[in-house]
Structures are given as C-alpha cells and as structure tokens.
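Participant: Provided herewith is a single structure, encoded as structure tokens, for subsequent inquiry.
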C-alpha cells in the first residue's frame, strides 16, 4: 500500500459523500417541514410543470364555484321579488272577479278599484327596486326582445344564450374560457305592470272592464310564471354546476397532491437514513484525516 501526505484521497472521498448526505438530509428536512415534495423547480422540473397547470385549473374551479354561488344569489333575489308580485297579481285577479259580479254597486267597484290600482303600482315599484349588487334585475335592464319566441320549444331557451346582447348578464361558471361550456349569457324579463300587460287604462270600475281585466291578469300571471320557472331552472342548473365543479376540483387536487406533496413516511425514512450516514461519514472522515499522522509515525 502506497502512503502519501500531499493528497488525502480517502478524506476527499469521505468529504464528497458527506456533502451528498448533507444534501439528502437538507432535502428531507425541507420536505418534512413544508409537506411538499417539490419546493424548488430543480426538485422535479417535469412534475413542477404538470402540478402548476393543475394548480391553475384548481384555482379557476374555486373561483367558478364562487361565481356560480353569486349567480344563484342574484337569481334568488329576482325570484323573491317575483313571489311578492305573484301575491299582488292573485289579489288583483280576485278583485277583478269580485267586481265582475253584477250584485255590487258602482261605489263598491270604485272602492275596489282603489286597491286594484295600488297593487298595480306596487308591482311596478317592486320591479324597479329589485336590486343585486347595483344591478336592477327585473325592471327591463336585462330583458332582450331578440331572444323571445312564441314556440313551446324555444320558451325554455329564450332567456339563456351563448350569444348575448348588450342587455345580457354573463354567467362565467367554468375554469376555462369556452363559450357555452365555461360561460353563457342570461336575460331576465321585465316584470313591471306595463310589461305584464297591466296598462294604465285597466280598471275594475264596471263589470265589462273587470271581466276584461281577468283575462289580462291571467296572461300576466302566465308571463310571471314563465319567468319564475326559468329562474328556478337556472338555479337548479347552477347547483348542478357547483356539484360538478366540486367533484372536478377534488380529482384535480388529488392529482396535484400526488405530484407535489411529500410522502411523510418516505421522507422520514430518508431523513433517518441520512442521519445515520452523516454520523458514520463524520466518523470515517475523522479516520481518514488520521492517515497522514500514521505516515509520519512510519517516518519516525
């Protein structure tokens, strides 16, 4: 065996192994303390790219779910107002039927007409003040004549579209930006008295006018029911959207976690291994550093 003092190769080898062990221990400590397998891009460049795309998708899903909940709240505000308008229309119809009866005196119908006209005015007031986050919902601001249709088939689609107009509400309820899949447009009909056909000249001051008012109010109730049905179906649709987003978010999070999160048991094993190697490496480093002294002893 040759003996040298200028270069201690064994000590250099021990030092290199200690450096590798130290890096392994540092990595294990970092992963154990952060819970992340990928803390820096160089930990897993390919995995980082995939996990970042998953993170962007998950973030989009979270915001899309919030949007859908906002939209449900908006529609619930409109539906609540329509439920009150519903009560007014039913009462107006009852007054019209009462006034159409010939047993009432003219003064009776005039008194009934006072309530009738006040209810009609209240319908318009409710439509004008129904507001969500500064948006007037059922006063006609979001109505669209271009989407109206008299056919039964089109009736179910006349308030939502993939090609909105200036009066449309955009519902962005997806994580991406594909029209029809991630967003679509919604229109809400005008529910003022005039829009429902309850014009200024409608009254119950005589039996003929009261008789005509019954048919007008029936048409108004049908229009209101169509709008409430649309709103109800949209809320149901949005609730299903939220459920689907939650399932997709769960799956994407699981995939992102598989790539990016640390396996704590595995990392603890690596840490324990590195600790043992560090102890033995230091011991061997000490032994290697003693070799020049041994050479000096031979020379003496």
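Any read-out appearing in this document is the output of simple, stated calculations on the displayed coordinates, not a laboratory observation. Here the structure is a predicted model, which is why all the values come from computation and not from measurement. Counting neighbours? That spans all protein chains shown, and the Cβs are built from the backbone with ideal geometry, glycine included.
Participant: Have a look at 225, 201, 182 and tell me which one the Gaussian network model of the chain (Cα, springs below 10 Å) gives the largest fluctuation.
Facilitator: Fluctuation is largest for 201.
Participant: Let me ask something else. To test your reading of the geometry: what angle, between 0 and 90 degrees and rounded to tens, separates the Cα axis of helix 264-289 from the longest principal axis of the chain?
Facilitator: Tilt relative to the chain: about 20 degrees.
Participant: Here is a follow-up. How much of the pair distance distribution for segment 13-76 lies past 16 Å, counting alpha-carbon pairs only, in percent?
Facilitator: On the way: 1339 of 2016 pairs.
Across segment 13-76, Cα pairs with separations above 16 Å total 66 percent.
Participant: Considering only C-alpha atoms, what is the centroid distance from segment 94-134 to segment 196-270, in Å?
Facilitator: 30
Participant: Further question on the same structure: Of 268, 12, 278, which has the largest mean-square fluctuation in a 10 Å C-alpha GNM of the chain?
Facilitator: Maximum among the listed residues: 12.
Participant: Picking from 86, 43, 141, which is most flexible by a Gaussian network model of the chain using Cα springs under 10 Å?
Facilitator: 43
Participant: On C-alpha positions alone, give me the angle between the axis of helix 45-99 and the longest principal axis of the chain, in degrees, nearest 10.
Facilitator: So the helix axis and the longest Cα principal axis differ by about 20 degrees.
Participant: Sticking with this one: Angle check, please: helix 9-34 long axis (alpha carbons) against the longest principal axis of the chain (alpha carbons), in degrees 0 to 90, nearest 10.
Facilitator: Helix 9-34 and the main axis of the chain meet at about 20 degrees.
Participant: While we're here: Output needed for segment 158-271: three equivalent-ellipsoid semi-axes, defined as square roots of 5 times the C-alpha gyration tensor eigenvalues, in descending order, whole Å.
Facilitator: 55, 15, 9
Participant: Moving to a separate point now. What FRET efficiency comes out for residue 239 versus residue 265 if R0 is 45 angstrom and r is the Cβ-Cβ distance? Round to the nearest 0.05.
Facilitator: Numbers: r = 40 Å, r/R0 = 0.88.
That pair, residue 239 with residue 265, gives E of 0.70.
Participant: Of the labelled options (1) 124; (2) 114; (3) 180, which one gives volume of the Cα convex hull per residue in Å³ as computed for this structure?
Facilitator: Computing volume of the Cα convex hull per residue in Å³ and matching it to (1) 124; (2) 114; (3) 180 gives (3).
Participant: Find the all-direction average of the projected area of the Cα convex hull for segment 68-120, expressing the result in square nanometres with one decimal place. Numbers along the way, then the final one.
Facilitator: On the way: hull surface 15.0 nm².
Spelled out: convex hull of the Cα atoms, projected over all directions, averaged, 3.7 nm².
Participant: Students often get this wrong: which residues of segment 50-75 have the backbone nitrogen under 19 Å from the point 7 angstrom along Cα-to-C-beta of residue 255?
Facilitator: Hits in segment 50-75 for residue 255 at 19 Å: 50-65.
Participant: Determine the relative contact order of the chain: mean sequence separation of Cα pairs under 8 Å and six or more apart, normalised by residue count, in whole percent. Could the numbers behind the result be given before it?
Facilitator: Details: 366 pairs, mean separation 103.6, N = 300.
Averaging sequence separation for qualifying contacts and normalising by length gives 35 percent for the chain.
Participant: Still on this model: For a quick check: sort 42, 19 by the number of other beta carbons within 10 angstrom, fewest at the front.
Facilitator: On the way: 42 8, 19 11.
Fewest to most other Cβ atoms nearby, the residues stand as 42, 19.
Participant: Relative contact order of segment 7-155, please, whole-number percent, based on alpha carbon pairs below 8 angstrom and at least 6 residues apart. Let's see the in-between values first.
Facilitator: Values: 49 pairs, mean separation 23.5, N = 149.
Relative contact order, segment 7-155: 16 percent.
Participant: 222 nm [θ] for the chain, helices only, -39500 (n - 2.57) per DSSP H run of 4+, per residue, to 500? Numbers along the way, then the final one.
Facilitator: Values: 7 runs with 198 residues, N = 300.
Using -39500 (n - 2.57) per qualifying helix, the result is -23500 deg cm²/dmol.
Participant: What's the exposure ranking of 171, 271, going from fewest to most Cβ atoms within 10 Å?
Facilitator: Values: 171 23, 271 18.
Result, fewest neighbours first: 271, 171.
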